[in-house]
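Quick note: the coordinates plus some simple rules give every number you see, no bench work behind them. Just so we're clear, the structure is a prediction, and the values are computed from it rather than from any experiment. Virtual Cβ from ideal backbone geometry, glycine too; neighbours counted across all protein chains shown.
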Amino acid sequence: MTFAMSRDSYDRYMGRYSDELASAFVAFVGVSPGMRALDVGCGPGALTEALANRLGASRVAAADPSESLLAACAERVSGADVRLAAAGGCPGRMQMLRTFWDAALELDAAAPDEGQVMRYCNEAELAALWVRNGLAEIETIAIDVTAAYADFDDYWIPFTWGGGPGGAYCASLDPQRQQQLRASCFRRLGAPDGPFTLAARAFAVRGRQTTGRTQTPRNPRT
């Protein structure tokens, strides 16, 4: 699994959801002047930028394992502390990914459905993680957003680029199996012949450090 892709490619694959999620997440966390923030799994920097707009770039740090996306983040948010580092993530209730993996499982029962194999994909798991790390006053929220697609190819083509778990799986298939997967996705989306919209849900969690240090907002899990 890799996200070694350009910002444009990422935006067409997953990033079209990011701006709306970033705005909603910053509002939920209650980011205010004087805080410092760390965006873990920053990608090309949608949330990093939203945090920098509220706190100032010098008070924001960001980390991601993809050099190409990290470079895009650094360019997008000049002055932030942007570093290459491993970061976890997970898909929530996203029509985009759920359609893809349901289609994949229909053709291959062993398909590595990221909704099943990745951790911290629900509010309970996120809250428990915060508890284990000593945070208190924990709250979770589900954030619902939508993204528009020009047509089915606008949905499908980013999977063929090999980015992320879905893209890596798609790229591993031979041409015939890939076409079967494409046809199944097309059918599951209602055979769209023009623009359509898909919904996504991200889970966010916030809490306060019991030691009295400043709260550090973290990335919502998508």
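The table for this structure:
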item	result
Efficiency of FRET between Thr210 and Asn53 - r from beta-carbon atoms, R0 25 angstrom, step 0.05	0.30
Computed over the chain: relative contact order in percent, which uses C-alpha pairs under 8 Å that are six or more apart	27 percent
Helix 95-107 axis, angle to the chain major axis (alpha carbon atoms, nearest 10°)	40 degrees
Taking Met118, Met14 and counting other C-beta atoms within 10 Å, the order from fewest to most	Met118, Met14
Pairs of Cα atoms farther than 23 Å apart, the chain, %	48 percent
Inter-label distance for Ala183 and Ser23, nm, one decimal - labels placed 7 Å from Cα along Cα-to-Cβ	4.1 nm
Within segment 7-209, percent of DSSP bridges classed antiparallel, to nearest 5	65 percent
Full-extension gain in nm, Leu84 to Asp153, via 0.36 nm per residue minus C-alpha separation	21.6 nm
Gain upon complete extension [Asn133, Ser32; 0.36 nm per residue less C-alpha separation]	34.1 nm
Inter-probe distance in nm under a simple model that places probes 7 Å from Cα toward Cβ, at Ala109 and Arg201	2.8 nm
Rounded to 10°, Cα long-axis angle of helix 67-76 versus longest principal axis of the chain	60 degrees
